[in-house]
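A short write-up of the structure that comes next.
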Amino acid sequence: MQAFLKTGNLGTVSKDKVDPGTSKGNKEKNKHVPWVEKYRPRCVDDVAYQEEVVVVLKKSLQGSDLPNLLFYGPPGTGKTSTILAASRELFGDMFKTRVLELNASDERGINVIREKVKTFSQQSASSVRPDGKPCPPFKIVILDEADSMTGAAQAALRRTMEKQSKTTRFCLICNYVSRIIEPIASRCAKFRFKPLTEDILVKRLRQICDNEEIECDDDALTGLLYTSEGDLRKAITFLQSATRLKSGDRITQADIYNIAGVIPNDVIDSLLTTCRFNSYEKLQNFVQDIMNEGHPASQLILQLHDTVVQLDELGDKQKSVVMEKLAVVDKCLMDGADEFLQLMALCSTIMQQFCCKNI
Amino acid sequence: MSLWVDKYRPTSLNKLDYHKSQAAHLKNLVAGGDFPHLLVYGPSGSGKKTRIMCILKELYGPGVEKLRIEQHHFTTPSKKKLEISTISSNYHIEVNPSDVGNNDRVVIQELIKTVAQVNQLETSTQREFKVVLLTEVDRLTKDAQHALRRTMEKYMSTCRLILCCNSTSKVIPAIKSRCLGIRVAAPSIDEVCQVLQMVCKKEGLNLPGELARRIAEKSNRNLRKALLMCEACRVQQYPFSADQTVSEPDWEVYLKETAHMIVQQQSPKRLFEVRGRLYELLTHCIPADVIMKGLLQNLINSCDGELKTEVIQTAAYYEHRLQLGQKSIYHLEAFVAKFMAIYKRFLEEGIADIF
Amino acid sequence: MSKKQTKLTSLWNGNDYDSDDSDCIILDPLPETCSTSKKSDISVVKIPSAKKANQWVSSAFDGFDDFCMTKSTSKDSVKHSTSSTQREKSVAVKRPHHQVSNGNDLFSTKRTVTRRTNVQPDTSLWSDKYAPKSQGDLAVHKKKILEVEQWIKGHIDRKKLPPILLLTGPTGTGKTSTVRVLTKELRCQLHEWSNPLTNDSNDNWSDNTDWRNKVDSGISRSQISQFREFLLRANKYNTLDIFGEDVITRKIIMVEDFPNMFYKDATPFHDVLRKYVQVGGSPLIFIVSDSTYGESNERLLFPKDLQSQLRIENISFNPVAMTNMTKILTKVASEESSHGSHRFIIPDKCVLESIAMSSCGDIRGAINALQFACLKDTIDLAAVSTNKTKSFTRKKSTTSNKKSTSNKKSFSKSGSFQKDEELMSIGGRDTSLFLFRALGKILYCKRDEPPENNIEKTLLPKHLSQFYRDPLQINPEEVVEKSHLSGDYFGAYLHQNYVEFYNNIEDIVTASEYMSDTDNLTVDWASRSVLQHYVVSIATRGVMFSNTSRAKHNNTSTSLGWKPLHKPQWYGTNKISRQNAESARYLFRGMRSSPVVLQTELIPYISLINTTLHDTGQISCMQELCRFSSHKVGRYEKLDEKDVDLEDDETLNNRQHKEATLPLDTDDVISNSQSNLKNSQEVDDEDDVIIDDYDD
């Protein structure tokens, strides 16, 4: 096991994809592990792209000591993976007993945190592993999605952190560092995780494709890049879903878009074209068609936003009018207003802006 | 005698009439054994429910078609008694939790808990999970949706969720990211026509292509509606003629008349009459947003280009308020009043232009 | 003043002062004593000599332990506690002396310096003492008396089908007095029911531990049975008396006081009535006062179907007209001054009129107020004999000043609530508004003439001048408050009715926008209770502001005429729609579709397709959902003038014909109500015509 972890090579993960035909009847539980888990980096070196973090972490690993950590950055950039990999390297087999992971879906009231963390950190931690190797005499508490904790809970946490500092290290993980209260942030070593670059993403996805023996278009990969917005986890999940649906067939960009619920760009383009006609009837029919295709309005305005912002045709003033309406419509949709009416209101505003421009 | 809609509903993934490639994908999904939570979305009458039942059949065999109606009782923390009726087979349970309003969170949690904790009765079946089918997820409160997301993770080993809704706009991202989204688009006009022809053929009827097309267009690609219309036409007149009128339900006719009344005259007195009719529609269980949309569709056609934008903005504005508020009549009436004012101004300008 | 002080101290020292029951303690206006103690210090001790003041304070501390529970030593709190104990004491002393009407209580709380009379006043209430003895004394309108008289005459001798008469009207309009006077004049014997206070079975409970439950059930049961016995036995005596004197056989039973249980559940009462009608007997007269809040007793005890079933006649009394009221007040005052136990100056005419005004047609309340006012005068007179005249005369002059100013106001312009409030402090009763009138006030939206040098108008820039409105005559928030309705309901009523008061659609657009806003404000349940008040303001003021045709004081009386008001349809509609939806969902649950699809697609088409349904429930439900009546505009109920609550779904049959009277000059309540009466006599001879000035 230790040796396996040391190598930390993705390629060594055994391929256990079973032919769908034979899967019925005799099934092993481990077969259906989500790829996100399956391809999680096993050691710190493996973590993609976050060189600065890796360097610092490795240093502290060598010294067998760890400060309290605060990881922040966009989703799917490897924050959780990094700390998991690091603690694996530190504790080896004792990983399970030394690490407490709390994420947002657990109950995380002040009391829960206090109790859990307290009982966990009260257990003594020896500095020797069962296999005789030295290991740091502390435990790690990972608080995932820490920014969704209330201010009060965070304040309570600060006291707990101080009290248990002898035996326990905390690792807070969040998307927005601004939502972590200052006293906590100052007690931690802060690491910012950069959004992954496209080629890193592509490299990883290709690796997985090769591993799972998936045929995947280059288009599909770019589709994945677009839909995942730099979120590797999302990209992998989409890839797996697509594989499930296609079961061995070639994965195309359309499949990816379909799974991600992204509306094809030509739909957006032709919507804008329809707006240029300045004909209410045409617009209404087109919007009705989009609705009938089952595209969610929230997704549509999201993509419409991206497109309109870059449109050269409209001046700043006109864009600002459209954007304002867009914001209103978004809010209304959140409140549960009718999608068709809201979209029509938005599109007719766009139509007006297109046509007023000429006057 | 059952309705054509039910009589000719496809029961297996192989027999689906359209979106065949999607059906094949779904088959793969079931065969893969690694079945995720599903989020099925698409417009009304596009066949979401049909597809879900087909998936279930593919999963469990014909056993899922033995359905029974059950009443479940729940007690909220505030000691309020709730009752909800579910439809279930040995393998799945179907709930429409929006029936219970604001207490949906309790219902969801309790229901899934009970389902997930009771082990599969027949060990012979190949699945180790049961399916909970939640319809109208988009009508769930945010609170319930958050509760749902926790429950999804907790009971992943023994139960899968199939969520069904018209649009994912109102579903929180946390749920969307945990489900495999399956979009069911409405059938195209041609597909609707084909289905209509097929059904009529099976009934031993001869449906003129022209009529089929008109029905399909009128149904706005809603297959259920199209089939119902077709059957209504059959009752109304047979043999079919290509130019026969496609009958509409009474409330639509009533709504049309109401819209006509609004266009005819714009006065406080007329507004008062219209209000009476709006109340009448509401008592007949026509939802306020449907009334609003129906009125708009009928009114907008009597407007000129520039006006249409104004009217649609007004409609969107009041429809939003209507969704938030409690007294829908306030907003409906405000919309009608506003339209009357807009339309009156338009007419007066028109007269001024003439002279 | 110093005497007053010693009185004060002695009052709450309690040892050297022997409080006498017959003492009447009048509280002089010293309004700030309770709230701002510092000030009150000065005002109580108007001409303080240092010594006395010290005494005051020290004695205050002496008595403090006896009276006050909180051990506060600050001077301020002492002051506070003394004043409050004073008030309590004075009320307590007064109560055994005579029963004080609401208005007087209100009065007493506002005036808080006690004084002792030298003369022992008459212990009886003037309202009892001067109860009408003949028809001429009655303040009730002649026409009404005649109606009642005719009824009694018409029914007294007929033994079959015992007639039942129901008298309704606001309190103190002379319902009971009329019956008393008439029976006396017609030489009938009047049997009155009064709720028994103690019960025979009392002894049985004394040793029972769980006596509380027993008291309730025991009393209620026995009260009902006693009531039944009373009614039926009254008949029995009647038959027996035939052998006795012939004159006394003419007997009338009057019930004014209903056993309390009947308010909770009226069915036993109805049973008794039915039984009574079967058994037969003397004419039966019920008297029910209108109330402005809670469930209407009239409708509870005498539902319309019962009224028609038992042929109960209904005569409704109007508030006593002002002229009648003043006449009687003058009479009472003059009689009292000449024959009463002590002398006093007869209050001048304007004082009497103001009392009459403020009593809102409640003659009993008015007489009580008069007695109170005169009593004070006697005190003043009595006080003359003592040394300290100065402060009293000053006091008196201020009060009379106040009265005269308020009078001036009341005659200069009507309808303003400020006036009402001032009058109330003199001794009127709390003027709750019937919903009907409250709505009228908002919808008719009367405006005052702007003051001559109208600054506001000139303040508005030209482009905003269209938003100028003349000042309102009423304060909408107060109107709503007095209607005892939550803002939500009041809004619903307004919404139901506002459209008819508008002339053009543009105004309605603004008004409906305001209504839409009100609904939007109450979206969040957490903030709903807070926002409720703003909702009312927006609804009422929005409706008033938007109506441009009523923006000026002089076009308010443009011929809107009288319009019937309706109950909001929304609640009924909502309920029916919910019920329909539920039954549809239940009956067609086999369809397994979402409610919207079921209601808008499946059921309507099923009705078109004529599928044979086996379930009769399904068929009826389908018919319910699919039948549209094209001619019917809507189901709405007229709002009865005296309806007070809307949360009952009881359908009010709009049997009552109402006459439209053009809005008249609101200044003159008397002429208005009289003309209403005349009007009603001319046009309609229905008994239940209730007309009032809807427009004030």
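The values are calculated or read from the model by the stated rules, or taken from the named source; none is laboratory data. Worth saying up front: this structure is predicted, and the values here are computed from it rather than measured. Here Cβ is always computed from backbone atoms with ideal geometry, including for glycine, and neighbour counts include all displayed protein chains. We work out accessible area using only protein heavy atoms, side chains counted, and drop any ligands, DNA or RNA first. Shrake-Rupley method; radii C 1.70, N 1.55, O 1.52, S 1.80 Å.
Observations on the model:
- When the square roots of the Cα gyration tensor eigenvalues are ordered a ≥ b ≥ c, the ratio a/c for the stretch A:50-192 is 1.5 or more and a/b does not exceed b/c, which makes its shape oblate.
- Two-site FRET efficiency, A:Asp269 against C:Asp305, from Cβ-Cβ distance with R₀ of 56 Å, rounded to 0.05: 0.20
- Helix-derived mean residue ellipticity, 222 nm - over chain B, DSSP H n ≥ 4, -39500 (n - 2.57), to 500: -17500 deg cm²/dmol
- Checking the cross-link pairs B:Lys15/B:Lys66; C:Lys331/C:Lys482; B:Lys49/B:Lys79; B:Lys130/B:Lys176; A:Lys116/A:Lys166; B:Lys225/B:Lys293 against a 22 Å limit on the alpha carbon distance flags C:Lys331/C:Lys482; B:Lys49/B:Lys79 as lying beyond it.
- For the stretch A:246-330, the number of Lys pairs with C-alpha atoms closer than 27 Å, counting only pairs eight or more positions apart or on separate chains, is 4.
- Between C:Asp615 and B:Thr245, the simple spin-label model (points 7 angstrom out along Cα→Cβ) gives 3.2 nm.
- Residue among B:Gln244, B:Gln145, B:Gln194 with the largest mean-square fluctuation in a Gaussian network model of chain B, springs linking Cα atoms under 10 Å: B:Gln244
- With N counted as the residues of the stretch A:198-260, its alpha-carbon radius of gyration over 2.2 N^0.38 Å works out to 0.94.
- Heavy atoms of B:Met156 accessible to a 1.4 Å probe, total area in Å² rounded to 10: 70
- Each peptide among B:36-47, B:15-26, A:292-303, A:170-181 gets the average number of other Cβ atoms lying within 10 Å of its residues, and from highest to lowest they stand as B:36-47, A:292-303, A:170-181, B:15-26.
- With a threshold of 24 Å on the Cα-Cα distance, the over-threshold entries among C:Lys133/C:Lys251; B:Lys27/B:Lys154; A:Lys59/A:Lys194; A:Lys331/C:Lys567 are B:Lys27/B:Lys154; A:Lys331/C:Lys567.
- Number of partner chain Cβ atoms within 10 Å, mean per residue of B:27-39: 5
- If the chain linking B:Lys113 and B:Ile351 were pulled fully straight, counting 0.36 nm for each residue of separation and taking away their Cα-Cα distance, it would gain 78.9 nm.
- Portion, in percent, of the accessible area of the stretch A:265-355 that falls on carbon or sulfur, probe 1.4 Å: 52
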